[in-house]
Each structure stands twice: as structure tokens, then as C-alpha cells.
């Protein structure tokens, strides 16, 4: 089971490439239900703050964009008109 680690004193020294995609995706899925209807950039920014990154640099943005695309491909999230929401398909279809 993959979990997203909460920030620690030395976590801010990690680069986004040092956090596995599965862990970033778990964090994205954890942040989205708190405020459904976020745009891609808002979700990426909130998730970056979860990891302790204060700015959304190009490397972080690219990683989260790729993670969001993966979550969309797996139907883990749904995309409305430029907004993301947790997947809520028919029960038992996942």
C-alpha cells in the first residue's frame, strides 16, 4: 500500500523526482476531495504544499501534470469543464 509521507524537517530538500509517482498520486487523490472542482494548477499547488514545496516550479508542475493525466487515464478522477473531481462512477465498476 502506497501512502503519501507528510513533510519532515529534511523533506523540503527532496526534489519532486525523488518522490515516486505513486506517492504523488496518492497525495493528489487525498487533496482533491477536500476541495472538489479544482483546476489542474490549483490541485498541483495544494498538493505541492502538502509535500512542503512552497512554489510550483516547472519540474513540480510537469510531474503533477503527468500524475493527473495518469489518474484521468485510470478513471481515478473525472474532469469536468476544466475542473477535476473524484471519480464517482457506478458502484462496483471500479
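Values in this text are rule-based calculations from the coordinates and carry no lab data. Remember, predicted model here, so these are calculated numbers, not experimental data. With ideal geometry, Cβ positions are generated from the backbone for all residues, glycine too; neighbour counts draw on all protein chains shown.
Summary of packing: across the peptides 51-58, 67-74, the per-residue average of other C-beta atoms within 10 Å ranks them, highest first, as 67-74, 51-58. Remark: relative contact order (segment 16-85) = 41 percent; criterion is Cα-Cα distance under 8 angstrom and separation of 6 or more residues.
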